[in-house]
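The values are calculated or read from the model by the stated rules, or taken from the named source; none is laboratory data. Since the model is a prediction, treat every value here as computed from it, not as a measurement. Here the Cβ is made from the backbone with ideal geometry for all residues, glycine too, and neighbour counts use every protein chain on show. Ligands, DNA and RNA are stripped out before the accessible areas are found, and what is left, the full protein with its side chains, is counted by its heavy atoms. Shrake-Rupley method; radii C 1.70, N 1.55, O 1.52, S 1.80 Å.
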Amino acid sequence: MINLYGVSLPHLEEMMVNEGQNKYRARQLYSWIYEKGETDFEKMTDISKKFIEVLKEKYCLVKPTIYQKQVSEDGTIKLLVEFADHAKVETVLMRYNYGLAACVSSEVGCNMGCKFCASGLLKKQRNLAPEEMVGEILLLNDLLKEEGKRVTHVVVMGTGEPFDNYDNVIEFIKIINEQRGLAIGARHITVSTCGIPDKIREYARLGIQVNLAISLHASNDELRNQLMPINKAYPLKELIAAVKEYNVVASRRVTFEYILLKGVNDSLKDAEELARLIRPVFAYVNLIPYNEVDENGFHRSENSKKFMDYLMKHGVNATIRKEFGSDIDAACGQLRAKNEGRL
Ligand code: SAH
């Protein structure tokens with residue numbers, strides 16, 4: 001069975017032609033699936049009875065389910081989403097004044113092993129398929145329906161390394177970006193990576209105006225090797241070279257994410273080194289207040305304002321990330337890790 005939630009419009013057109021149908025059938029299906037929210041092929045009244053039988057036999061429209069739901073005082077929703085094989089991931093809805101942003105997971109667990117991160121406590125079990133990532137958004141949209149709202153922004157910043165599941169993430173982006181699909185504007189979609197140069201180059205050539213965020217967290221190899229093992233495979237020089245190429249090929253700025261960890265990377269000397277590293281790149285820095293994970297010994301820095309001011313004074317644009325849902329298990333990966341008895 002092919003789950004149609006995981007098929008982009010161009011791919012569906014191909015499939016319909018292979019079924020001996022008019023290419024237009026794909027648009028009709030998209031309109032039933034996304035505009036009308038129909039999940040039952042039988043109710044798609046402008047499709048012939050005969051073809052409905054084919055659809056029922058070979059295709060399906062299956063969403064994941066909500067295993068657990070937490071709602072914060074600020075309206076942030078955190079879901080533990082369960083798939084058919086009982087694998088679970090976290091999905092979060094954040095309410096900004098400019099829109100509603102879904103933070104989507106791309107893998108079950110993660111193999112990147114960043115020392116400060118709770119997600120890495122559970123090793124990668126498998127990639128998520130495009131329909132599973134689309135499913136994360138559909139579940140949020142179902143919850144938002146009663147408010148007359150829908151997800152308007154997507155950040156692929158949940159559990160997993162999206163560039164370690166590249167093809168599925170790109171198909172997912174095409175589905176949600178499709179005007180007849182979930183119609184989420186490319187500029188409202190951001191993928192966050194720990195920094196895999198080859199994939200950054202490929203992403204630059206995608207031809208869709210989606211955003212790229214890079215988890216930096218340290219501005220020298222010695223510290224970054226300690227915090228993020230991926231840096232041993234792709235040191236800063238290679239990462240920065242790929243980002244500069246991205247700037248030129250995609251004509252787009254990147255965001256560097258930098259968690260401020262007390263006594264680790266938050267001194268003014270660190271800010272100076274960071275400014276020197278970033279100035280030649282078309283980028284800005286998003287400083288992230290650390291969500292403490294009980295067992296790893298890192299603490300939230302109190303220096304964020306000074307650190308930001310230093311960067312701004314030295315030619316680097318910087319912001320401090322707004323926080324959501326601090327009264328629920330907000331720290332990345334915590335809900336699932338708790339659920340599986342790891343926190
Ligand atoms: N693997 C991708 C995307 C998932 S992590 C990446 O590395 O970018 C998304 C972001 O959350 C990354 O910047 C990551 O470093 C950050 N993060 C992880 N654990 C965190 C924590 N406990 N507090 C704050 N940010 C965290």
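Key figures for this structure:
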read-out: Meets criteria (closer than 22 Å to residue 108 by Cβ, in the same structural domain as residue 124 (by TED's automatic domain parsing) and in contact with an Asp or Glu (Cβ under 7 Å, 6 or more places away or on another chain)) for residue 69; value: no
read-out: Top-ranked residue of segment 209-225 - restricted to ones that are under 24 Å from the mean Cα position of the chain (by Cα) and open to solvent by 40 Å² or more (accessible area, probe 1.4 Å), ranked as farthest from residue 178 (Cα to Cα); value: 225
read-out: Residues within segment 43-94 that are outside any loop (DSSP other than H, G, I, E, B), within 18 Å of the chain's Cα centre (by Cα) and either more than 15 Å from residue 324 (Cβ to Cβ) or among the hydrophobic types (A, V, I, L, M, F, W, C) (or both), tallied; value: 10
read-out: Selection count where residues are more than 18 Å from residue 140 (Cα to Cα) and open to solvent by less than 30 Å² (accessible area, probe 1.4 Å), scope segment 178-192; value: 3
read-out: Any chance residue 259 is hydrophobic (A, V, I, L, M, F, W, C), buried (at least 17 other Cβ atoms within 10 Å of the Cβ) and in a helix (DSSP H, G or I); value: no
read-out: Residue among 269, 244, 237, 305 that alone is touching an Asp or Glu at 6+ places or on another chain (Cβ under 9 Å), open to solvent by 50 Å² or more (accessible area, probe 1.4 Å) and assigned to a helix (DSSP H, G or I); value: 237
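The rows are residues; the columns are (1) surrounded by 24 or more Cβ atoms within 10 Å (Cβ to Cβ); (2) assigned by TED's automatic domain parsing to the domain that holds residue 257; (3) more than 16 Å from the ligand (Cβ to nearest atom); (4) farther than 24 Å from residue 174 by Cα.
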residue	(1), (2), (3), (4)
75	no, yes, yes, yes
92	yes, yes, no, no
96	no, yes, yes, no
102	yes, yes, no, no
110	yes, yes, no, no
113	no, yes, no, yes
119	yes, yes, no, yes
124	no, yes, no, yes
133	yes, yes, no, no
